[in-house]
Amino acid sequence: RPSFARRRFIRVTAGSILALIAGPLLYKWLTGVIDVGAGGKGGEGARSKFKTDGNHMLPHPEPLKGTFPLEKGGGEGVFRPYTVTEYPAFSSDSWKFEVSGLVKKPMTFDWKGFLKLPRKVEVRDFHCVTGWSVYHVTWEGVLLADLLKKAGVQSQAKYVKFYSGDGVYTDSLTMKQAHMDDVIVAVLRDGKPIPQDYGGPARLVVPKMYGYKSVKWLNGIELIDHPITGFWEKRGYKKNAWVDGKNGGFMF
Ligand SMILES: Nc1nc2c(c(=O)[nH]1)N[C@H]1C(S)=C(S)[C@@H](COP(=O)(O)O)O[C@H]1N2
Ligand SMILES: [Mo]
């Protein structure tokens, strides 16, 4: 039977080992939660997070003037960082955004060029079809309709296909849906650059539809004349992902 001192030794040692393992995990979890909560002035949190972010994008996009303080203080709720691959990482030296397919003028932007495009700000709710939501998120990005206008849509073009920098995930919108005035290629979320795990440097945001339409790590659009089936649509989700149930809306 172990002595009291020995039992105490075991208890203290076991406790220390547990603290060593659990401490960093707890820290990671806490800082993750704090980061996601956003709000505030968009400065410090973003800067410290970006020191450890897997993306190396410089310069950081600067939020438009007049957006601070954020309406309603920023997103309320927690984004679940979804991916179907390893999180892809990008650098401003090599990142490209391509507009291709049935356009009059194919275009390629580098990071600096993309940041020169006019942006708009919108405050919208974000809903994942699996049941979580984040409310009144402030997004800032380039209106998809502006990109389409700049490139010139050919008359045979019927759909816009979205490419993710993860090389796997994809989705699409009809040409009419793609022209909705709230579909944007966002580079800021709640006034901060979008972190790597949440689709940064640039992600699509389609507020009227469920989150699976909002392709992360967006690095290209292609105008096509035939329908395609998106990543989750191949697995049963509807092509028309209207949150309000228009056109049948909900998934199965
Ligand atoms: N490239 C890519 N984009 C994606 C996904 C994904 O797994 N990979 N998941 C989608 C789904 S189902 C949702 S709900 C949102 C989640 O966004 P978040 O990861 O920022 O929380 O991203 C969408 N875009
Ligand atoms: Mo989702």
Checked region 189-202 for anything over 17 Å from HIS56 (Cβ atoms) and in a strand (DSSP E or B); matches are ARG189
Item to complete: Considering every residue within region 67-79, establish whether at least one is among the aromatic types (Phe, Trp, Tyr) and either surrounded by 18 or more Cβ atoms within 10 Å (Cβ to Cβ) or in a strand (DSSP E or B) (or both).
Response: yes
Filtering region 134-188 down to residues that are within 16 Å of ligand 1 (Cβ to nearest atom), more than 21 Å from TRP242 (Cα to Cα) and not in a strand (DSSP E or B) yields GLY165, ASP166, GLY167, VAL168
Checked against (1) within 16 Å of ligand 2 (Cβ to nearest atom); (2) touching a residue at least 40 places away in the same chain (Cβ under 8 Å), GLN154 satisfies every condition except (1)
(1) within 16 Å of ligand 2 (Cβ to nearest atom); (2) buried (at least 24 other Cβ atoms within 10 Å of the Cβ) all hold for ASP166 apart from (2)
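FYI, it's all coordinate maths here, none of it is from the lab. Computed from a predicted model, the values in this text were never measured in an experiment. Counting neighbours? That spans all protein chains shown, and the Cβs are built from the backbone with ideal geometry, glycine included.
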